[in-house]
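What follows is a single structure, written as structure tokens, with notes after it.
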Amino acid sequence: MAAGNDGANKPEDDDPFGYLYADGQAAAGGRAPQGGGYGYPGPAHAQPGVPRTSYNQVRTVGERQYGQQPAQPYVPPQQQAAYGQPHPQYAAPETYGGAQPPRHTPPPQAPRGGGRGPNTKGLLIGAVAVVAVVVAGITAAIIGNQSDKKDQTAGGNPTASAPATASQEPTPSTEPTDEPTKAPLPKQDAATLTLSGSATLAKDVKGAEGADGAYVAGFNAQGSSVTWKATMPEGGNYALTVRYAIPAVDANATLTVNGKPNSQPIGLKNFIHSTDPNLEKNWQTTWAPVELQKGENEIKISCEAGNQCDVLLDWLEVTPPKRS
């Protein structure tokens with residue numbers, strides 16, 4: 001049994017689609033038939049032979065407009081007198097006044113192509129720096145491992161290197177040594193030697209290295225000589241070096257050591273190959289081999305027969321032996 005049907009009406013009198021084409025009569029001011037009809041509210045109780053009316057307010061398809069108050073249905077006078085007010089009718093929820101239900105607002109989206117986004121450049125630089133540090137650490141570890149392997153291959157286990165210490169100058173030893181200190185070889189100015197014959201001191205020619213520029217002159221006469229008492233720390237073979245000046249002409253003299261004439265005269269030649277007879281420009285040196293004893297030795301240079309002695313003598317010195 002359908003809702004609102006008490007079984008008094010016939011099925012053929014109950015048209016369920018009647019409201020679709022007759023509901024608008026009440027809104028158009030039509031007069032309600034006796035006992036109600038299609039689109040009109042009927043009496044409180046159904047009558048035999050009269051179709052029942054809907055309990056809800058119905059409208060023709062397309063008539064409802066949202067957001068507006070619904071039109072009040074027509075209520076017959078007898079129904080108003082019986083009840084004093086119209087029956088409450090159904091209305092859609094959106095037609096009621098009051099606060100509207102909240103609407104969901106989508107969250108704001110980040111702007112595209114504009115605005116300031118995250119600092120991806122800073123993040124990229126930081127990531128690159130971290131990778132560089134990791135690579136450097138790995139490289140250092142590999143190099144250190146290879147160095148350790150090389151040390152083990154070279155022989156023995158690798159040991160920690162000793163800390164570096166500041167270098168110190170060796171402290172001179174105060175203990176006596178077996179090696180004697182060598183004494184300097186003697187050197188003497190010719191002007192301080194023992195002169196004989198026509199040999200004499202002079203200072204006229206410049207360039208002499210003796211004390212106060214003095215030298216031995218007048219040596220060109222036979223019998224003239226200079227004698228030197230030289231003290232030697234050790235005996236042996238040495239060289240006698242003489243500084244002299246000549247007038248660009250070779251000269252020579254006799255050399256005697258400890259009373260024994262040398263095997264050959266000492267040559268006082270023009271080793272600088274000068275062509276200027278000016279004595280001041282012709283100072284030079286020569287040497288002759290000698291054998292000396294330890295202690296005092298008498299060294300004599302003299303102008304003997306057959307010698308060419310036109311020479312000035314500056315100083316004499318004993319030096320280590322030289323090769324001819």
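The single condition among (1) modelled with pLDDT of 95 or more; (2) open to solvent by 40 Å² or more (accessible area, probe 1.4 Å); (3) in contact with a Ser or Thr (Cβ under 7 Å, 6 or more places away or on another chain) that Pro261 does not satisfy is (1). The set of residues in segment 269-285 being touching a strand residue (DSSP E or B) at 6+ places or on another chain (Cβ under 6 Å) and either outside any loop (DSSP other than H, G, I, E, B) or polar (S, T, N, Q) (or both) consists of Leu279, Asn282, Trp283, Thr285.
Among the listed residues Gly207, Gly213, Gly223, Gly295, which satisfies the condition of being open to solvent by less than 60 Å² (accessible area, probe 1.4 Å) and without any contact (Cβ under 8 Å) to a residue 60 or more places away in the chain?
Being open to solvent by less than 60 Å² (accessible area, probe 1.4 Å) and without any contact (Cβ under 8 Å) to a residue 60 or more places away in the chain holds for just one of Gly207, Gly213, Gly223, Gly295, which is Gly213.
Residue check: Glu317 meets all listed conditions (1) in a loop (DSSP other than H, G, I, E, B); (2) acidic (Asp, Glu); (3) surrounded by 12 or more Cβ atoms within 10 Å (Cβ to Cβ) but one, namely (1). When Pro247, Pro321 are screened for being at pLDDT below 95 and either closer than 22 Å to Pro184 by Cβ or in contact with a Leu (Cβ under 8 Å, 6 or more places away or on another chain) (or both), only Pro321 passes. The condition of being among the small types (Gly, Ala, Ser), touching a strand residue (DSSP E or B) at 6+ places or on another chain (Cβ under 7 Å) and surrounded by fewer than 13 Cβ atoms within 10 Å (Cβ to Cβ) does not hold for Ala288. Figure legend. Inter-residue proximity from segment 302-324: first residues in contact (Cβ under 8 Å) with a residue 12 or more places away in the chain and more than 13 Å from Gly267 (Cα to Cα), second residues among the charged types (D, E, K, R) and assigned to a loop (DSSP other than H, G, I, E, B), beta-carbon distance below 9 Å, spacing 6+ or different chains. Indicated pairs: Asp314/Glu209; Trp315/Glu209.
Look at segment 143-166 and say how many of its residues are open to solvent by 90 Å² or more (accessible area, probe 1.4 Å) and modelled with pLDDT of 65 or more. Looking only at that region, the number is 2. Within segment 226-241, identify whether any single residue is under 17 Å from Ser196 (Cβ atoms), of a type in the set (Asp, Glu) and touching a residue at least 12 places away in the same chain (Cβ under 8 Å), and answer yes or no. There is no residue in segment 226-241 that is under 17 Å from Ser196 (Cβ atoms), of a type in the set (Asp, Glu) and touching a residue at least 12 places away in the same chain (Cβ under 8 Å). Each residue in segment 266-285 was checked for being touching a Ser or Thr at 6+ places or on another chain (Cβ under 9 Å) and surrounded by fewer than 17 Cβ atoms within 10 Å (Cβ to Cβ), and 6 of them qualify. Just wondering, is there one or more residues in segment 189-211 that are modelled with pLDDT under 95, charged (D, E, K, R) and closer than 19 Å to Glu296 by Cβ? Within segment 189-211, one or more residues are modelled with pLDDT under 95, charged (D, E, K, R) and closer than 19 Å to Glu296 by Cβ. Residues in segment 187-204 that are open to solvent by 30 Å² or more (accessible area, probe 1.4 Å) and not acidic (Asp, Glu): Lys187, Gln188, Thr192, Thr194, Leu195, Ser196, Gly197, Ser198, Thr200, Leu201, Lys203. If you go through segment 223-239 and keep only what is in contact with a Ser or Thr (Cβ under 9 Å, 6 or more places away or on another chain) and either more than 19 Å from Gln308 (Cα to Cα) or not in a strand (DSSP E or B) (or both), you end up with Gly223, Ser224, Trp228, Lys229, Tyr238, Ala239.
The values are calculated or read from the model by the stated rules, or taken from the named source; none is laboratory data. Because the structure is predicted, anything quoted here is derived from the model rather than measured. Cβ coordinates were reconstructed from backbone atoms using ideal geometry, including for glycine residues, and neighbour counts include every protein chain displayed. Quick note on the areas: whole protein, heavy atoms, side chains included, nothing else; ligands and nucleic acids left out. Shrake-Rupley method; radii C 1.70, N 1.55, O 1.52, S 1.80 Å.
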